[in-house]
There are 2 protein chains.
Amino acid sequence: MTITITCFERSPDGGKGLARDTRVRWALEEAGQPYELRPVSFGAMKESAHLGLHPFGQIPTYEEDDLALFESGAIIFHIAEHHAGLLPNDPNARARAITWMFAAINTVEPTILELQTAKFAEGDKPWTKERLPLIKDRIRYRLNQLSARLGDADWLDGAFSAGDLMMVSVLLRLRLSGILDEFPKLAAYVARGEARPAYKRAFASQVVAPPTG
Amino acid sequence: MTITITCFERSPDGGKGLARDTRVRWALEEAGQPYELRPVSFGAMKESAHLGLHPFGQIPTYEEDDLALFESGAIIFHIAEHHAGLLPNDPNARARAITWMFAAINTVEPTILELQTAKFAEGDKPWTKERLPLIKDRIRYRLNQLSARLGDADWLDGAFSAGDLMMVSVLLRLRLSGILDEFPKLAAYVARGEARPAYKRAFASQVVAPPTG
């Protein structure tokens, strides 16, 4: 069985590890599964061959024998379900770890995506400078709640799980904004994630965009 | 085993079925599982008893014996995993149905949430009127892709699944905006969801806010 994932041919963040293939690579590294990479250009992502794999024209996708998946959350869940290391065996602990996967992408990430949308889709608009503090306050509201729940624990619910992998990946998007550093417990939590050997391997394996111009 | 879910004491939408407990009720109805309801007031949602169940102070939550979950996506997945009717048995078809659950909440819903945030959190701001068309265009971009993938099929991948339940629930948030009607295939898809007896029972069972004032 060969696993193939797609990634950006030229990572728009120049190798900061924020594209969603990094999450999937991290999960594969935690699970000890080798994989092959197929880089896709921005043009090819909107063409029918890739749209057949990913209806929203994004990366990553996941192929394994006759199974093709998209959506990093679904791919990570698939990896976690089929290999040890990402979900606890106890049924209740497993359900709670899955809950954190969903919380990461449906409660925490949408507020963070607003920050990115403001910068990239509305960066030239006259209102954006005034909106950014409002968006950042909405992010702080969620991070306050998350930090209160995490408390002094290493991970969100017992041992490291796919829930932590998703939450750390989502929070990493905030690093450049400086907001993460306002929450020392969350900053330390993210640092624990980054210190994992599997994360380090995933980060190192990213395709770094060659310098242009 | 008794299942207990929480919902708004007074639904902010006055019974339109857009609060996230409707998704969970729908899943429980599809699975033929009875449940008890515990309505929670806005004040109590931010108090420690409820925050112990839901760290982000929201509804719904799910309790069953010694298991407590939050996040509608995770709850629906838990129901789908333990009862027939929401996920196919074939492993590959099951993984694809789960993919649509994640696509609904991580790719389609965030753009729709921006519309709600603009109205409810920034409704009084001078830029909101000018921003709304930009947000709506971002929603249309995703709906175009989704409509192309759905094509003339009844459901996103074979038989109705938890992926359709999530996607229909997400798209329902758009009805009042009129955007859904611009995509006849998606409007018909949502109508097929609403026509299911389980959806009708879930909708009817919502707590409707009593008239105020």
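Quick note: the coordinates plus some simple rules give every number you see, no bench work behind them. As the structure is a prediction and not an experimental result, all values here were calculated from the model. Because the Cβ atoms are built from the backbone with ideal geometry, glycine has one as well, and the counts that use them run over all protein chains shown.
From the alpha carbon gyration tensor of the protein assembly as shown, can you work out the equivalent ellipsoid semi-axes (sqrt of 5 times each eigenvalue) and give them in Å, largest to smallest?
After scaling each eigenvalue by five and taking roots: 30, 25, 25 Å.
Consider the operator that turns chain A into chain B: which A residue has a Cβ nearest its axis, and what is that gap in Å?
A:Trp127, 2
Report relative contact order for the stretch A:38-89 in percent, whole number only (criteria: Cα-Cα under 8 Å, sequence separation at least 6).
19
Only bridges with both residues in chain B count here: give the DSSP antiparallel percent, nearest 5.
Taking every DSSP beta bridge with both residues in chain B, the antiparallel ones total about 60 percent.
Return a whole-number percent for the relative contact order of the stretch B:3-85, with Cα pairs under 8 Å and 6 or more residues apart as the contact set.
Relative contact order comes out at 38 percent.
Treating the point 7 Å from Cα along Cα-beta-carbon as the label, what are the nm separations from A:Lys185 to the other copies, to one decimal?
Its label point is 4.7 nm from the equivalent points in the other copies.
Which entries of A:Lys125/B:Lys129; A:Lys119/B:Lys185; A:Lys125/B:Lys136; B:Lys16/B:Lys119; B:Lys136/B:Lys185; A:Lys16/A:Lys119 show an alpha-carbon separation above 22 angstrom in the structure shown?
From the list (A:Lys125/B:Lys129; A:Lys119/B:Lys185; A:Lys125/B:Lys136; B:Lys16/B:Lys119; B:Lys136/B:Lys185; A:Lys16/A:Lys119), the Cα-Cα distance tops 22 Å for A:Lys119/B:Lys185.
With only alpha-carbon atoms counted, please give the Rg and Dmax of the stretch A:104-213, in Å.
Rg then Dmax for the stretch A:104-213, in Å: 15.4, 48.
Taking a quarter of the surface of the convex hull around the Cα atoms of the stretch A:55-161, what do you get in nm²?
In nm², the orientation-averaged hull projection of the stretch A:55-161 is 9.0.
Note the distances from A:Asp13 to each other copy's matching label point, with points 7 Å along the Cα-to-beta-carbon direction, in nm, sorted shortest first.
Reported distances to equivalent positions: 3.2 nm.
Taking 2.2 N^0.38 Å as the expected size of a compact globular protein, what ratio does the Cα radius of gyration of chain B give against it, to two decimals?
In units of the 2.2 N^0.38 Å rule of thumb, it is 1.03.
Can you tell me what the convex hull of the Cα atoms of the stretch A:3-85 projects to on average, as an area in nm²?
That works out to 5.2 nm², a quarter of the Cα hull's surface.
Counting alpha carbon pairs within less than 8 Å and at least 6 residues apart, what relative contact order, in whole percent, applies to chain A?
28
What does the structure give for B:63-73 when I average, per residue, the other chain Cβ atoms found within 10 Å of the residue Cβ?
4
Taking the label point as lying 7 angstrom from Cα along the Cα-to-Cβ axis, what are the distances from A:Gln116 to the corresponding position in the remaining copies, in ascending order and in nanometres?
Going from nearest to farthest copy, the values are 2.1 nm.
With both partners inside the stretch A:3-85, how many of the DSSP beta bridges are antiparallel, as a percent to the nearest 5?
Details: 7 of 12 bridges.
The antiparallel fraction comes to roughly 60 percent.
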